[in-house]
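Notes follow the structure.
Read-outs throughout are calculated quantities, based only on the coordinates presented, and are distinct from any laboratory measurement. The structure presented is a predicted model; accordingly, all values stated were derived computationally and were not measured. Reconstructed Cβ throughout: ideal geometry from the backbone, glycine too, with neighbour counts over all protein chains shown.
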Amino acid sequence: MLKREFDAQLRKVGNSFVVTIPSSIIRRFKLKQKRFITVSIENGK
């Protein structure tokens, strides 16, 4: 299983918050729109 960590800043868009995933990660994991991913959140950073 491939795993990659990166830091990202939350942005507010409308009533939601979004995280931008770098294009290098998108290519490496062959991510496509509407694909579900797992997000792990660490407190204190």
- [ ] Would you mind listing how long the chain runs along its three principal axes, going by Cα atoms, in whole Å with the largest first?
- [x] 30, 25, 17
TODO: With only Lys, Arg, Asp and Glu charged, each at its Cβ (+1 for the first two, -1 for the last two), find how big the charge dipole of the chain is about the Cα centre; round to the nearest 20 debye.
DONE: 320 debye
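What is the total of Lys pairs in the chain with C-alpha atoms under 20 Å apart, excluding same-chain pairs fewer than 8 positions apart?
Pairs that pass both the separation and distance tests number 6.
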- [ ] Please give, to one decimal in nm, the separation of the simple spin-label points placed at R27 and V13, each 7 Å out from Cα toward the Cβ.
- [x] 2.1 nm
- [ ] Tell me what the chain gives for mean residue ellipticity at 222 nm when only DSSP H runs of n ≥ 4 count, each as -39,500 (n - 2.57), the sum divided by the residue total, rounded to 500 deg cm²/dmol.
- [x] -3000 deg cm²/dmol
